[in-house]
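Following: one structure in structure tokens, then a few remarks.
Please treat every number below as a calculation from the coordinates, not as lab data. All values derive from a computational prediction rather than experimental measurement. Cβ atoms come from the backbone with ideal geometry, glycine included; neighbour counts cover every protein chain shown.
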Amino acid sequence: MDHNLRPPQDLRNTEQSVGKNPNSRLWIFAGVIVVALLLVLLVLPKMVAGPVAKPILPAVVEQTPVVVQVPEPAIDNQTRKNAEQALQSFLRLQAQPELQNTEIWSADDWSAAQDTAADGDKAFGRENFTEAVNQYKLAKSQLQSILDDRDQILLEYLISGWRFLTDNALEDAREAFNLVLAMQADHQQAQLGLKQTAAREQVLELMQAGKQAEITDELQLAADAYTAALQLDLHYLAAEHGLKRVTLELEKRAFSDAMGLALQSLEQGEFSAADKALQQAAAISPDDLVLKETRQRLLTARKQLGLNRLRQQSQQLVIQEDWSGAAEKYRQAQAIDARAAFARTGLAQAEQRIKLHLQLDHYLTNPDRLFSNEPLENAGKLLDSNQNPPVAEPKLAGKLSRLEKAVQLAITPVDLLITSDSLTEVSIYKVGRQGMFAQKQLSLRPGKYTITGARKGYRDVLKVMDLKPAMRGQTISISSGEKF
């Protein structure tokens with residue numbers, strides 16, 4: 001099978017004869033159907049209807065005898081039907097999506113199949129239905145052969161396109177990729193190849209500019225040219241190799257410049273500038289021995305200065321009782337020198353104070369917690385272990401004083417007056433049964449209490465009383481007055 005590459009536009013402009021046009025066979029088939037319908041409508045009624053009744057004429061008029069025409073011998077309907085079915089089978093295969101644009105990507109084989117089908121049309125027109133069947137079947141076989149070879153044809157076109165592109169044969173590459181797209185419009189590799197083919201001409205110009213810039217030692221211009229070429233064609237190896245070569249030389253020069261600046265800044269005591277230059281050098285060649293030695297010199301020179309500054313800052317934060325800030329400064333000092341004694345002891349104190357303030361804030365932000373036994377007990381222990389706060393920590397002393405007052409309020413009972421109907425059994429959850437009464441005075445610690453009332457034949461009632469500390473005149477009424 002001939003799969004020579006042919007530009008799609010040449011084939012689209014080629015005029016095909018009527019016999020090669022698939023539509024002509026559709027018209028022939030339609031004509032055959034029309035003729036058959038006319039025969040059924042005109043001849044068949046005469047064959048089955050019988051003689052037509054005549055009107056009664058006067059006796060003197062002689063009756064004209066009815067003349068019945070004998071129909072022509074019928075055409076071999078079965079052979080015709082076979083030919084029509086063979087044509088339909090050919091047309092169904094021809095309409096397969098896989099054979100779309102076959103006149104472009106397999107022009108010779110497509111033309112041969114159309115010629116064979118046209119011969120079948122001619123035989124059908126001569127009513128040589130047996131010959132028409134043979135030609136239509138042969139034409140279908142030719143189309144099937146194209147369909148069977150389709151994947152291999154597509155692969156050959158695709159491989160050819162990439163080979164042509166590699167050799168910079170741009171017209172041949174464009175033609176090959178277009179043939180693939182004629183077979184499969186969404187083929188991603190062919191679309192990519194066509195895009196790269198369109199960009200290759202400009203890529204070659206950029207490559208020439210890059211090579212010339214290298215000759216004149218304008219390395220950045222060369223790198224820009226190679227980069228632009230890769231942006232147009234990411235897979236062009238010559239541009240990739242050129243950019244890598246130029247980039248290595250530029251990095252070598254940049255490393256040398258950065259190290260020179262770092263050493264000069266270090267000698268002048270400009271530690272920030274030296275560090276910045278060393279970072280630039282490390283980004284280029286992080287494992288260079290000279291770089292490592294220079295970094296160690298800078299670290300040693302800056303260590304004592306940094307430790308002194310952090311010591312002063314942490315002391316100021318301790319005075320302000322900003323223990324979180326002080327802890328951060330101590331950690332920074334330890335990052336410079338893990339053996340720094342002031343940082344080690346200072347961090348331990350700061351972390352202890354941070355924990356203590358969190359415990360105090362836990363109760364002070366919600367004093368109602370103290371109305372429960374366990375939190376109240378824990379708060380008392382916290383106060384016992386911090387009875388003498390340092391004079392230099394007024395914030396801590398203030399929190400301890402507020403917590404002590406809150407604990408005192410939490411343990412001081414308050415009066416509660418309960419009124420009822422003397423018929424309801426009153427109980428207080430976690431306090432006990434109170435019996436039936438009209439009113440009753442209790443002394444309870446502040447907090448929330450669940451009070452229930454029960455009476456036989458009546459619905460139980462439940463109320464929650466929130467006893468506030470240091471508040472007088474707190475009352476609640478409870479009775480079961482709703483019958484079942």
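Quick notes
- Inverse of mean 1/r across different Cα pairs in segment 215-271, Kirkwood, Å: 13.0
- Segment 412-477 - charge dipole about Cα centre, Lys and Arg +1 at Cβ, Asp and Glu -1, debye rounded to 20: 120
- Taking 7 Å steps out from each Cα toward its Cβ at K252 and T216 produces label points 2.2 nm apart.
- For segment 412-477: rounded, prolate or oblate by the Cα gyration tensor [a/c cutoff 1.5]: prolate
- Reducing segment 143-194 and segment 312-365 to their Cα centroids gives an inter-centroid distance of 72 Å.
- Compared with the alpha-carbon gap, the fully stretched path from N168 to T300 is longer by 41.7 nm at 0.36 nm per residue.
- When only alpha carbons are used to place a centre, segment 228-250 and segment 79-96 end up 58 Å from one another.
- At 0.890 mPa s and 25 °C, Stokes diffusion of segment 186-286 via Kirkwood alpha-carbon radius, µm² per second: 157
- For segment 357-409, the equivalent ellipsoid derived from the Cα gyration tensor has semi-axes of 19, 11, 9 Å, listed largest first.
- Nearby lysines by direct alpha-carbon distance to K463 (threshold 30 angstrom, same-chain neighbours under 8 apart not counted): K405, K430, K440, K448, K483
- Nearby lysines by direct alpha-carbon distance to K303 (threshold 18 angstrom, same-chain neighbours under 8 apart not counted): K276, K292, K329
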